[in-house]
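K.L.:
Below is a structure I'd like to ask you about.
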Amino acid sequence: MSQKQLKEAFVSNLNGTSLLEISAGLSLPPLCLLCRGLLLILYYLHHGKPVSSRTYSLLLDFLVLVSPLLFSCTVLSPVIFFIPVILAAFCAGIFSKIYSLRKWEARAPFGQIVEEFQKAHLDPQCIPAVTVFRVYVNVLTSISILAVDFPQYPRRYAKAETYGTGVMDLGVGAFIFGNALVCPEVRQQPHRPRPRFSSLARQVFSVWPLVALGVGRLLSVKSIEYHEHTSEYGVHWNFFFTLALVRLAASLLLAVFPKRKAWLVALALAVLYQLLLSTTSLKTFILHGSDGRDSRLGFLDANREGLLSLLGYLAVYLASVQVGLWLQRRRSSVRGWLAALGGLALAVLVLWLLLQLCQACSEPVSRRMANLPFCTWVLAHCLLLLGFFVLADLALAFTKLLVKGSSVPCCWEVVPGSREKHGKAVPVGRQDELSPPCLISAINKNQLLFFLLANVMTGAVNILIDTIHSEAAFTLCILHLYMFLNCLIMYMLHARNIVLKFW
């Protein structure tokens, strides 16, 4: 077998992992975020000022926010269930240290602090968990697309061939989910009505970079004979095309149907698609098609997975729009977000039960078809991860009440009171200083560039290195260097306030 065939076989015919293992892995990013925030608060408590050095800030963010994820999906994957416990214990130890060292004037009884926290107010225009969710999906995807070519990355985490729940399968759906949370239909202010098709026009203009990247990837892969797993999307299709068409189709549907009923459209679409898979020959066509997948037999046959799975991804996108609209409801108090956290937990439980029912009555999860179980699974785990981030944010907000003047970037600013202005609750005592340097903010400013660089560097590494036969130490060095270079570029652009987006 040639090197190209070896690498294609290395990521083929896989069956995924368990839902429990994926859920355990999803707890790691919020715990890393919580750990970073607690360390910053502890530093402020000891030195009376935040970390001002950009070099130290970048190193701290990379070592705490990114490096643990690299280890967890490679050499530490056999003990993945113990890592969240260790991180949680470490965070508890830091919190205990902060609680014991806080200033005397802040040493109110714990019950009083909790009561004050519940009455505190948050900025209703800022939901840090959404930003962190989208950034971490990008980071995890960037890690996986290169790590999957090394033997230290467990095969069960890679994309499943037909049925199964791999970590990378969830990453594809999470990308769709994250895009929908900040789509024009969600960000549009309700008191500023716009023409019905204005969001569609904006999407037409905003998706052209995705189409261009899709074409660029297609041409580069074919020209250098880069290894590719054809059964993922087809001969010519790729995820950039999927994301572009899903965004356009969703904007068209939301221009016709009320966006507040997006969940109904998503449900109808997902159920109808599943019925077609179960009662017609559509499933057989997607999985088997024509012998040899000869593109001369038709573009649809050559790219059947990518084209027909659009229906499932569109359902996920529309349901995620509904989640984004729900998150945008005005919740200016901690008590309101605690109630919202309960709502997220209930939604995860309901979706989990529906997932078990769907798999029992129809078929297992299949990213290749994007069937109803896949849509349900993606929504359940994305809401679980989002809920974890909200919980981490609230924990950091509570800790900041113990240490007056401390700040954590990409986290809620909590104040004990509010004043009314023009009929709206306006937080009092909010800091106006520039937020300290932050890797999450840096990646968030140039997310598409971050993902593009990750794809380019992944291709370069695979061309230059025999990844399949790499040793563990060498693999970890390559992955850390790859992620650090990408993060460093984003950090330097952020420091100069450069945003490479003009569409």
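The values are calculated or read from the model by the stated rules, or taken from the named source; none is laboratory data. Keep in mind that what you see is a predicted model, and the values were worked out from it rather than measured. Cβ atoms come from the backbone with ideal geometry, glycine included; neighbour counts cover every protein chain shown. These area figures cover heavy atoms from the full protein model, side chains too; ligands, DNA and RNA do not enter into them. Shrake-Rupley method; radii C 1.70, N 1.55, O 1.52, S 1.80 Å.
K.L.:
If you take the residues of the range 210-231 that are modelled with pLDDT under 90 and in contact with a helix residue (DSSP H, G or I) (Cβ under 7 Å, 6 or more places away or on another chain), which of them is farthest from GLU185 (Cα to Cα)?
P.N.:
Result: GLU225.
K.L.:
Check whether at least one residue in the range 182-190 is modelled with pLDDT under 95, under 22 Å from GLY16 (Cα atoms) and open to solvent by less than 30 Å² (accessible area, probe 1.4 Å), and report yes or no.
P.N.:
Of the residues in the range 182-190, the ones modelled with pLDDT under 95 are 182-190.
Right, trim to under 22 Å from GLY16 (Cα atoms) and you get none.
The answer is no; no qualifying residue exists.
K.L.:
Let me ask something else about it. All but one of (1) modelled with pLDDT of 95 or more; (2) under 23 Å from the mean Cα position of the chain (by Cα) hold for PRO78; state the number of the condition that does not hold.
P.N.:
Of (1) modelled with pLDDT of 95 or more; (2) under 23 Å from the mean Cα position of the chain (by Cα), only one is false for PRO78: (2).
K.L.:
Return the only residue of GLY214, GLY234 being on the phi > 0 side of the Ramachandran plot and open to solvent by less than 20 Å² (accessible area, probe 1.4 Å).
P.N.:
Numbers: GLY214 fails: on the phi > 0 side of the Ramachandran plot.
GLY234 is the lone residue from the list that is on the phi > 0 side of the Ramachandran plot and open to solvent by less than 20 Å² (accessible area, probe 1.4 Å).
K.L.:
Mind checking whether some residue in the range 335-353 is on the phi < 0 side of the Ramachandran plot, buried (at least 16 other Cβ atoms within 10 Å of the Cβ) and among the aromatic types (Phe, Trp, Tyr)?
P.N.:
Yes, the conditions are met somewhere in the range 335-353.
K.L.:
What are the pairs, 6+ residues apart or on separate chains, where a residue within the range 297-313 that is polar (S, T, N, Q) has its Cβ under 8 Å from a residue that is surrounded by fewer than 21 Cβ atoms within 10 Å (Cβ to Cβ)?
P.N.:
Listed pairs, sorted by first residue: ASN303/VAL235; ASN303/HIS236.
K.L.:
Determine the pairs where a residue that is in contact (Cβ under 8 Å) with a residue 40 or more places away in the chain and open to solvent by less than 40 Å² (accessible area, probe 1.4 Å), located within the range 275-287, has a partner that is among the hydroxyl-bearing types (Ser, Thr, Tyr) and part of a helix (DSSP H, G or I) with Cβ atoms under 9 Å apart, the partner being 6 or more residues away or on another chain.
P.N.:
LEU287/SER231
K.L.:
Still on this structure: Quick one: what pairs do we get from the range 213-232, first residue under 22 Å from LEU448 (Cα atoms) and assigned to a loop (DSSP other than H, G, I, E, B), second of a type outside the set (Lys, Arg) and open to solvent by less than 40 Å² (accessible area, probe 1.4 Å), C-beta under 6 Å, 6+ apart or different chains?
P.N.:
GLU228/VAL221
K.L.:
Another one. Which members of the range 458-500 meet the condition of being in contact (Cβ under 8 Å) with a residue 24 or more places away in the chain, open to solvent by 40 Å² or more (accessible area, probe 1.4 Å) and closer than 22 Å to LYS4 by Cβ?
P.N.:
Residues satisfying the conditions are ILE463, ASP466, HIS469.
K.L.:
So LEU254 fits all but one of (1) open to solvent by less than 40 Å² (accessible area, probe 1.4 Å); (2) within 22 Å of the chain's Cα centre (by Cα); (3) over 29 Å from HIS288 (Cα atoms); (4) modelled with pLDDT of 90 or more; what number is the exception?
P.N.:
It fails just one condition, (2).
K.L.:
Say we look at the range 136-183 and pick out the residues that are aromatic (Phe, Trp, Tyr) and assigned to a loop (DSSP other than H, G, I, E, B); which of these is farthest from MET490 (Cα to Cα)? Full working, then the answer.
P.N.:
First pass over the range 136-183, keeping only residues aromatic (Phe, Trp, Tyr): 136, 150, 153, 157, 163, 175, 177.
Restricting the remaining residues to those that are assigned to a loop (DSSP other than H, G, I, E, B) gives 150, 153, 163.
Details: PHE150: 25, TYR153: 25, TYR163: 36 Å.
Going through the qualifying residues, I end up with TYR163.
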